[in-house]
1. Is there any pair with a first residue in region 196-224 that is closer than 21 Å to LEU31 by Cβ and open to solvent by less than 10 Å² (accessible area, probe 1.4 Å) and a second that is in a strand (DSSP E or B) and polar (S, T, N, Q) whose Cβ atoms are under 8 Å apart and which are 6 or more apart or on different chains, and what are they?
2. Any residue that is open to solvent by less than 10 Å² (accessible area, probe 1.4 Å), closer than 30 Å to LEU194 by Cβ and touching a Ser or Thr at 6+ places or on another chain (Cβ under 8 Å) - is there at least one of those in region 276-299?
3. Between a first residue in region 178-194 that is free of Cβ contacts under 8 Å to residues at least 60 places away in the same chain and a second residue that is part of a helix (DSSP H, G or I) and open to solvent by 10 Å² or more (accessible area, probe 1.4 Å), which pairs have beta carbons less than 8 Å apart while being 6 or more apart in sequence or on different chains?
4. Can you tell me which residue is farthest from the chain's Cα centre (by Cα) among those in region 197-234 that are among the hydrophobic types (A, V, I, L, M, F, W, C), modelled with pLDDT of 85 or more and not in a helix (DSSP H, G or I)?
5. Just for region 181-193: of the residues that are closer than 15 Å to GLY242 by Cβ and either of a type in the set (A, V, I, L, M) or out of contact with any strand residue (DSSP E or B) (no Cβ under 9 Å at 6 or more places or on another chain) (or both), which one is surrounded by the most Cβ atoms within 10 Å (Cβ to Cβ)?
6. Would you check which residues across region 151-164 are open to solvent by less than 10 Å² (accessible area, probe 1.4 Å) and part of a helix (DSSP H, G or I) and list them?
7. Tell me, please, whether a residue that is farther than 18 Å from LEU183 by Cβ and touching a residue at least 24 places away in the same chain (Cβ under 8 Å) can be found in region 257-266.
Amino acid sequence: MTIENTKTYRGEEVEKIFFRPSFCGTDVNQLGVRVLYNMPMPTTVQVWSRPKNVLQEFESGWSGGTNGEKMQKTIDMRRVKAESKFSSEDYASLVYEKIVGNTAVNQGDLTGTALEQAETELFRLAIAESVRSTLWIGDTKGEISDNTTFDGLFRHIADMRDDITAVVISTSDTNQPKAIDMLKGCWDQATPELKALRSEGQLAYFVSSDVCNGYIEQLDDWGTDAAYIDMVNGRQQLFYRGIPVIEVPLSGYNTSSFTNFCMLTDRRNLVLALNTADMPENEVRMWYNPDEMENRQRAVFLAGAQVLDPLLVSIYYTNY
């Protein structure tokens, strides 16, 4: 059986159905970065610092004050598209598998709504993973990875290498730092501006899977009762000195650098911008091609990423 009904989503439908479910709430907390939707083009982010020394001796009238410093960053938004195709038999099987897993669906009466929801969910997850990976390793120059749709965070960090606080790990160095040493090192070398933000509760470590697994193994080796319990039950969330440790899984992607990294920053310092409203061609479309006997899916939208302040980045990473 083939699934032949063409479906097209535009404007607010694209944002509401395909992007907000993936990049809002608990999902965006796992992603760990700041997400902006449909900001006016060109997309700019205003960052204000808090005024200092606002207290003064009391006297009548206006004595003046210190203005907060403003920093503005423009996010380079690129028009991108996501496409996938399946043979009609494989596509029907994938969609029906999602329906079978839903106990609320009457298997004897599969309505168009149930099929549409399953198709939409299938493509939504594919878009979300593609955007997530590109957020980190996207590089229009093609030097960090072969994903050239838009520049990701690592591309911006590489361009900021003279301004950020970084330790470059050579792959030829036989004395590789341990995970806990990288976590500690990121904190020790962080700028005073970054350390001062700890009280606001937005600091986070973003680490590669190797660093995450290495940290877990080191915790397991401590031999305490708490370590034993965590080893048996697992750890739902990792922390280092009260700061969350967020794994960034990229092992399945082809990257020439940043395969091993540990970065301390403020979550608000990393921005993902998505726009589904400012171009009339922006849409998500799913259709059946009878000539090739395959189901096709396409999403067209604008996307970009940016690191706002290099002073708020402390990182260990493999050589670039």
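1. Here the result reads LEU203/THR265; ALA204/THR265; PHE206/THR265, each pair linking region 196-224 to a residue that is in a strand (DSSP E or B) and polar (S, T, N, Q).
2. No, every residue in region 276-299 fails to be open to solvent by less than 10 Å² (accessible area, probe 1.4 Å), closer than 30 Å to LEU194 by Cβ and touching a Ser or Thr at 6+ places or on another chain (Cβ under 8 Å).
3. So the pair list comes out as LYS178/GLY214; LYS178/GLN218.
4. LEU203
5. Checking each candidate, the answer is LEU183.
6. LEU153, PHE154, ARG155, ILE157, ALA158
7. For region 257-266, residues farther than 18 Å from LEU183 by Cβ and touching a residue at least 24 places away in the same chain (Cβ under 8 Å): present.
Okay, residues lined up against (1) crowded, with 17+ Cβ neighbours inside 10 Å; (2) of a type in the set (Ser, Thr, Tyr); (3) part of a loop (DSSP other than H, G, I, E, B); (4) at pLDDT 85 or above:
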{"site": "ASP90", "(1), (2), (3), (4)": "no, no, no, no"}
{"site": "VAL105", "(1), (2), (3), (4)": "yes, no, yes, no"}
{"site": "ALA114", "(1), (2), (3), (4)": "yes, no, no, no"}
{"site": "ILE127", "(1), (2), (3), (4)": "yes, no, no, yes"}
{"site": "ARG132", "(1), (2), (3), (4)": "yes, no, no, yes"}
{"site": "THR140", "(1), (2), (3), (4)": "no, yes, yes, yes"}
{"site": "THR149", "(1), (2), (3), (4)": "yes, yes, yes, yes"}
{"site": "VAL168", "(1), (2), (3), (4)": "no, no, no, yes"}
{"site": "THR171", "(1), (2), (3), (4)": "no, yes, yes, no"}
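The values are calculated or read from the model by the stated rules, or taken from the named source; none is laboratory data. Note that the structure is a prediction, hence the values are computed from the model and not measured. For neighbour counting, all protein chains shown are included, and Cβ atoms are generated from backbone atoms with ideal geometry for every residue, glycine included. Areas reflect the complete protein model, heavy atoms only, side chains present, ligands, DNA and RNA absent. Shrake-Rupley method; radii C 1.70, N 1.55, O 1.52, S 1.80 Å.
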